[in-house]
Structures are given as C-alpha cells and as structure tokens.
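Here's the structure, in structure tokens; my notes come after.
What follows is calculated from the coordinates using simple rules that are stated; it is not laboratory data. As the structure is a computational prediction, the values presented were derived from the model and not from experiment. Glycine gets a Cβ as well: all are built from the backbone with ideal geometry, and neighbour counts include every protein chain shown.
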C-alpha cells in the first residue's frame, strides 16, 4: 500500500518506466536527467528512500503530469487517465481540487498587523529543515504561492499598461478629430479664396 509520499514517488518512477503512455523503457540515467537528479538518487527514490527534493517532485508534476494532490495525499488519481489502468494506485475521488472554489480571505493592511509573521517564519524554517515529506509539501506550496504572486504582479502591470494605452488611444482619437477639423477649415478657407 502506498500510504506516504516516498512510496507514491517510488510507484511513480516504476510506472513511468513501464507505461507506454509515459516513458516505457527509458533508461535510469535519462529519466534522472529529465527529473533533474542523478542515477543514484533516482534509485534511492525508487526504493522509497532518501530525502525528496521539491524540484524533483515539481518535475514529476510538470513533465509527467502527476497530480500534486495524489503525490502528497494519495487522493484522486496519479495522473489523468490512471484510474482506468491503475485503480489500486488511485485514492478516493473528490479531492479538494475538485471541490467548489472558495475564495481565500482577503488580508488587508489592517489585518496584516495581526499576523504573527516572525513566529510563522520560525515555524516555516523548522518545517523546511525537518527533512520530512512535510518539508517537501511546504516547499511546493511556497513555490506555488510565489508563482501566483508573480502572476498577479504581471497581471496588474498588464492592466496598468492597457489603461495607459486606452488613455493614449483616446488622446490620439481627439488629435485626429482636431486635425480633420483643421483640414476642413483649411479647405474651406482655400475654397473661399479661390
């Protein structure tokens, strides 16, 4: 039974090497390169040993489309379509990712003064240094939140630039109207003089 992250990672590696829709027959050295590690570390992971690294798990998710929910909790299916082929490896359906979307609470400046940031940082460091599956899970969450913040910053920048372009577009439209008016006035003046 795959009741923890290292065992699910071991299963994932074996399945990648055996499943024709993943990378059947790939050599350990090549799979290690794809997953950003070396052959010895890959062998440790295949035997559910060694300290798992967040980058390794991220590559499993990105390259082979393994579900982070399945990797960390055992719920749902390992990758899209796995339930039909590997029902014993799948957990119960209806993971939190399939649940109705709930907006996270908005933290305003007034609320941020109540957050125990120093205490949270100390706890975060302890978890990250624990060399456990919790460290890997927290690391993955931090990467996801960081990526989300970066995307939000980029979205806000794009919105500001679009607002600027719309404003400039309005100014240019006004200038075109003024120029057309001046052109008509010049034509009327030159027609009247002739």
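How many nm separate the modelled label positions at residue 178 and residue 144, each set 7 Å beyond the Cα in the direction of the Cβ?
5.3 nm
What is the range 1-87's relative contact order, in percent, from Cα pairs under 8 angstrom and six or more apart in sequence?
Relative contact order comes out at 29 percent.
Can you order the peptides 75-82, 17-24 by their average number of other Cβ atoms within 10 Å per residue, highest first? Could the numbers behind the result be given before it?
Numbers: 75-82: 18.8, 17-24: 13.5.
The most tightly packed comes first, giving 75-82, 17-24.
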